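K.L.:
My questions all concern the structure below.
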Amino acid sequence: MSEWKKPLHEHKKMTEYNYVVDYPEKFEMGVNIDIGAFTYINAEYGVTIRDNVKIGSHCSIYSNSTIDEKQGMVILEENCKIGSHSTIMPNITIGKNSIIAAYSFVIEDVPNDQLWTGIPAKEKNRKI
């Protein structure tokens, strides 16, 4: 297996891994990050992705929402996983080791070590 390297992020341009980051100057990422194809990250108000995070394909991460006019930093803590086709809204933190199930819509902070699913996403009564 080859060593992980941080991809180049250019405003409104697809990376070599086929995802897009708007406002890359406000985007921070750790190491060993896996972001699926066709994921969109709006980092206008800041997005931080810590080490060993996995994000499925076709996800949307918004630090700025023009629909409800909310803004704020999004933080994905170490080892969390975001399932395909999920949406993370502004001003949200996903805790360490937590999992967001596929097709979920996250509108509130997710504590460490939890499984959340649904629209809107809620805790599944099961510790990871």
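Readers should treat all values here as calculations from the given coordinates under stated rules, not as data from a laboratory. Quick caveat, the model's predicted, so the values are computed rather than measured. When we count neighbours, we look across all protein chains shown, and the Cβ atoms used for this are built from the backbone with ideal geometry, even at glycine.
K.L.:
Limited to segment 69-93, what total is found for residues that are in contact (Cβ under 8 Å) with a residue 12 or more places away in the chain and either at positive phi or out of contact with any Phe, Trp or Tyr (no Cβ under 8 Å at 6 or more places or on another chain) (or both)?
P.N.:
The number of residues fulfilling the criteria is 14.
K.L.:
For the list (1) closer than 21 Å to Q114 by Cβ; (2) of a type outside the set (D, E); (3) not in a strand (DSSP E or B), I need the number of the one condition that I61 fails.
P.N.:
Condition (3) is where I61 drops out.
K.L.:
Can you tell me which residues in segment 68-83 are surrounded by 17 or more Cβ atoms within 10 Å (Cβ to Cβ) and assigned to a loop (DSSP other than H, G, I, E, B)?
P.N.:
E77, N79, C80, G83
K.L.:
Go through (1) buried (at least 16 other Cβ atoms within 10 Å of the Cβ); (2) touching a residue at least 24 places away in the same chain (Cβ under 8 Å); (3) hydrophobic (A, V, I, L, M, F, W, C); (4) touching a Ser or Thr at 6+ places or on another chain (Cβ under 8 Å) one by one and return the number of the condition A102 breaks.
P.N.:
For A102, the failing item is (1).
K.L.:
Give me the pairs: first residue in segment 8-22 and in contact (Cβ under 8 Å) with a residue 12 or more places away in the chain and under 10 Å from F38 (Cα atoms), second residue loosely packed, with under 12 Cβ neighbours inside 10 Å and of a type in the set (D, E, K, R), beta-carbon distance under 9 Å, and six or more apart or on different chains, which are they?
P.N.:
So the pair list comes out as V20/K12; V20/K13.
K.L.:
Pick from segment 41-56 the residues that are of a type outside the set (V, I, T) and farther than 21 Å from Q114 by Cα: which of them is surrounded by the most Cβ atoms within 10 Å (Cβ to Cβ)?
P.N.:
A43
K.L.:
I need the full set of residues from segment 84-126 which are among the aliphatic types (A, V, I, L, M), over 13 Å from the mean Cα position of the chain (by Cα) and part of a loop (DSSP other than H, G, I, E, B), in order please.
P.N.:
Result: I119, single match.
K.L.:
Residues of segment 30-40 being under 14 Å from K6 (Cα atoms) and surrounded by 19 or more Cβ atoms within 10 Å (Cβ to Cβ), which ones?
P.N.:
Listed by number, the list holds a single entry, I35.
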